[in-house]
1. Give the residues of region 116-128 that are open to solvent by 10 Å² or more (accessible area, probe 1.4 Å) and either part of a strand (DSSP E or B) or at pLDDT 95 or above (or both), sorted by residue number.
2. Which members of region 63-77 meet the condition of being open to solvent by 80 Å² or more (accessible area, probe 1.4 Å) and of a type in the set (D, E, K, R)?
3. Can you find a residue in region 76-85 that is modelled with pLDDT under 95, within 21 Å of residue 122 (Cα to Cα) and of a type outside the set (S, T, N, Q)?
4. Take the residues of region 81-93 that are among the β-branched types (Val, Ile, Thr) and open to solvent by 60 Å² or more (accessible area, probe 1.4 Å): which is farthest from residue 52 (Cα to Cα)?
5. Looking only at region 20-32, decide whether some residue is at pLDDT 65 or above, closer than 30 Å to residue 87 by Cβ, open to solvent by less than 60 Å² (accessible area, probe 1.4 Å) and in contact with a Leu (Cβ under 7 Å, 6 or more places away or on another chain).
6. Name, by its number, the condition in (1) open to solvent by less than 60 Å² (accessible area, probe 1.4 Å); (2) within 13 Å of residue 118 (Cα to Cα) that does not hold for residue 60.
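The values are calculated or read from the model by the stated rules, or taken from the named source; none is laboratory data. For clarity, every value in this text was computed on a predicted model and none was experimentally measured. No Cβ is skipped: glycine too gets one built from the backbone with ideal geometry, and neighbour counts run over all protein chains shown. All accessible areas refer to the heavy atoms of the entire protein, side chains included, with ligands and DNA or RNA removed. Shrake-Rupley method; radii C 1.70, N 1.55, O 1.52, S 1.80 Å.
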Amino acid sequence: MKSVLILFTLVTMGITFSSCEKEPEIQETVTATINNPLEGTVMNNGDDLNVKVTFTDPTELHTYSVEVWDKNKNTAVLNLSGHTHETSYTVDSTITLSVGTHSLFTITATASNHSGESATHAVNFEVNP
């Protein structure tokens, strides 16, 4: 009888644990994700750079900015900013790269929501002459 009770307990525990599903992660705050280009991308002079950034917030975004900086010259080659009340917003912009020497670039994406929370994501890439 004792072994039947132990077997019943083990079977019940097995069914209980196998039926538990992990709850999906819930986004709690604003995010900024640079989808393109990827970290460490190497490009060439004259290439078109497609900058694609997605901003999200579970309630409502407020402001966003996307900047592409030529670190060698310390100048911005793309500077976009705006205001939205969406829960998801994508910036998709293309520029032509022009360099005379090997250059390092940084893309920085920043967003904030109406609660004052913010997120920043940065990606570095190179451009060859």
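1. 117, 118, 119, 120, 121, 122, 124, 126, 128
2. Passing the criteria: 71, 73.
3. no
4. Applying the filter and picking the extreme gives 87.
5. yes
6. With respect to (1) open to solvent by less than 60 Å² (accessible area, probe 1.4 Å); (2) within 13 Å of residue 118 (Cα to Cα), residue 60 is out only on (1).
Okay, residues lined up against (1) free of Cβ contacts under 8 Å to residues at least 60 places away in the same chain; (2) open to solvent by 70 Å² or more (accessible area, probe 1.4 Å); (3) at negative phi:
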site	(1), (2), (3)
41	no, no, yes
46	yes, no, no
79	yes, yes, yes
95	yes, no, yes
102	yes, yes, yes
106	yes, no, yes
